[in-house]
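Participant: Pasting a structure below so you can have a look.
The values are calculated or read from the model by the stated rules, or taken from the named source; none is laboratory data. Fair warning: this is a prediction, and the values are worked out from it, not measured in the lab. For neighbour counting, all protein chains shown are included, and Cβ atoms are generated from backbone atoms with ideal geometry for every residue, glycine included.
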Amino acid sequence: MEKRKIEFYTITEENTNYAYWMSKSPQERIAALEHLRNQYLTDKNGIRQRLQRVLTITKPIQS
């Protein structure tokens, strides 16, 4: 079972997450972001959601 932890900070409290992510290289930060994005786009069945493409063909108006 996956456990989650939620933390709340006020503006005046120092957030250690910022220091952690600033210690990582830009490539590591982008890789982490891509990993989170892939997790978000994958549903519970392991199928990755995709954006739907829609093509509409219309006839030009004859005057």
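Participant: I'd like the full set of residues that are assigned to a loop (DSSP other than H, G, I, E, B) and surrounded by 10 or more Cβ atoms within 10 Å (Cβ to Cβ), limited to the stretch 1-50.
Facilitator: Keep residues of the stretch 1-50 that are assigned to a loop (DSSP other than H, G, I, E, B), which gives 1-15, 23-25, 43-47, 49-50.
Y9, N15, K24 - these are the residues of the stretch 1-50 that are assigned to a loop (DSSP other than H, G, I, E, B) and surrounded by 10 or more Cβ atoms within 10 Å (Cβ to Cβ).
Participant: Moving to a separate point now. Can you tell me which residue within the stretch 42-58, out of those that are among the hydrophobic types (A, V, I, L, M, F, W, C) and modelled with pLDDT of 80 or more, is nearest to the chain's Cα centre (by Cα)? Before you say what the answer is, go through the steps one by one.
Facilitator: Filtering the stretch 42-58 for residues among the hydrophobic types (A, V, I, L, M, F, W, C) gives 47, 51, 54-55, 57.
The next check asks that each one be modelled with pLDDT of 80 or more; those that pass are 54-55, 57.
Numbers: V54: 23, L55: 26, I57: 33 Å.
It comes out as V54.
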